[in-house]
1. Out of the stretch 224-249, which residues are crowded, with 19+ Cβ neighbours inside 10 Å and part of a loop (DSSP other than H, G, I, E, B)?
2. Which numbered condition in (1) within 14 Å of the chain's Cα centre (by Cα); (2) at pLDDT 95 or above; (3) of a type outside the set (Asp, Glu) is the only one that Gly269 fails?
3. Spot the failing condition for Ala205; the list is (1) free of Cβ contacts under 8 Å to residues at least 60 places away in the same chain; (2) crowded, with 24+ Cβ neighbours inside 10 Å; (3) not aromatic (Phe, Trp, Tyr), and only one is missed.
4. So how many residues does the stretch 226-270 have that are in contact with a strand residue (DSSP E or B) (Cβ under 6 Å, 6 or more places away or on another chain) and among the charged types (D, E, K, R)?
5. Within the stretch 186-204, identify whether any single residue is in contact with a Phe, Trp or Tyr (Cβ under 7 Å, 6 or more places away or on another chain) and in a loop (DSSP other than H, G, I, E, B), and answer yes or no.
6. Has the stretch 82-90 got any residue that is in a strand (DSSP E or B) and either surrounded by 11 or more Cβ atoms within 10 Å (Cβ to Cβ) or at pLDDT 95 or above (or both)?
7. Hey, among the residues in the stretch 154-182 that are of a type in the set (S, T, N, Q) and free of Cβ contacts under 8 Å to residues at least 60 places away in the same chain, which one's farthest from Gly116 (Cα to Cα)?
8. So which pairs qualify, if the first residue must be in the stretch 278-297 and within 14 Å of Val191 (Cα to Cα), the second must be hydroxyl-bearing (Ser, Thr, Tyr) and surrounded by 13 or more Cβ atoms within 10 Å (Cβ to Cβ), the Cβ gap must be under 8 Å, and the two must be at least 6 apart or on different chains?
Amino acid sequence: MREYLDFEKPIAELEDKLEKLAASSHARGGRQEDLNKLRARLHQLQAEIYAGLSAWQRTQVARHLQRPSTLDYIGRLCDSFIELHGDRAFADDHAIVGGLARFNGRPVVVIGHQKGKTLKERMYRNFGMPNPEGYRKALRLMRLAEKFGRPVLTFIDTPGAYPGIGAEERGQAEAIGRNLLVMASLQVPIVTVVIGEGGSGGALAIGVADRLLMLQHAVYSVISPEGCAAILWNDQSKATDAAEALNMTADDLQKLGITDQVIPEPLGGAHRDPMLSCDTVKKAIEAHLSELLELSTEDLLKRRYDKYRRIGVLAE
């Protein structure tokens, strides 16, 4: 069953009409011309709606339950994936997955947030919100990558780090901060793709990369729109206003020089054609990774340092 967002109701109605017409046409024969006209109208309607999405609507697309997840991308992009578990200190966090794989025949380490799609899966994955042990698992994998000279690919899709008492007691802030420190000087190439929602330090903890790529309808921000609205206005219903103010869309971040490439999605979002979306992401990663692998370690680290020093604009 296809899940429709609120602003997609006209699309849902037209697709329902198209399916009924196709069924009756198949039963009676003919009417191909009517079907073609309706399909053209549907395509035009989708293009018009998705060309004018607001920041809040893009956030809804980024959170779509049927959107391809980290494991979907790994399954399509990589061969011989061997998942590794645990942080060797406390537990295995199911909100972060990672392990060894081959990308276009090249050995790599892959890491990413995993939200899950059904309610049962999402509860198992803690809705993609990692605990400290998740970030420490990611750190263990990054150090393993550095030890064996493997590039790191990371996939961001989280509303943020888990804010529970247990997570704070086990050092949530320290775990995130240490990841930032280690990734800044990791001596292998790092390519990160924001595939859905990137929220706060929970996303940044696996996002300090040489190249940051974002899918067209992905979002990336210091806080979720709901969290921002609750803090600024004490009213989560103002999330729409907060989304606009946060400059969190892929287009916004490209203008600010934060993201290195915006990867186009199939019309209607990545969930409309997951295989095409995965193939597009694969081509983008390969292009950037090939460039990075030609650099010396010294040049790689200097460029990474310069990249983050350039971020930010001072206005008086």
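The values are calculated or read from the model by the stated rules, or taken from the named source; none is laboratory data. Computed from a predicted model, the values in this text were never measured in an experiment. No Cβ is skipped: glycine too gets one built from the backbone with ideal geometry, and neighbour counts run over all protein chains shown.
1. Ser224, Leu246, Met248
2. The one condition Gly269 does not meet is (2).
3. It fails just one condition, (1).
4. So the count comes out to 2.
5. So in the stretch 186-204, the residues in contact with a Phe, Trp or Tyr (Cβ under 7 Å, 6 or more places away or on another chain) come out as 193-195, 198, 203.
Next, only the ones that are in a loop (DSSP other than H, G, I, E, B) stay: none.
Checking the stretch 186-204: not a single residue is in contact with a Phe, Trp or Tyr (Cβ under 7 Å, 6 or more places away or on another chain) and in a loop (DSSP other than H, G, I, E, B).
6. The initial filter retains those residues of the stretch 82-90 that are in a strand (DSSP E or B), namely 82-83.
Adding the requirement that they be either surrounded by 11 or more Cβ atoms within 10 Å (Cβ to Cβ) or at pLDDT 95 or above (or both) leaves 82-83.
Scanning the stretch 82-90 turns up at least one residue that is in a strand (DSSP E or B) and either surrounded by 11 or more Cβ atoms within 10 Å (Cβ to Cβ) or at pLDDT 95 or above (or both).
7. Asn179
8. Val281/Tyr73
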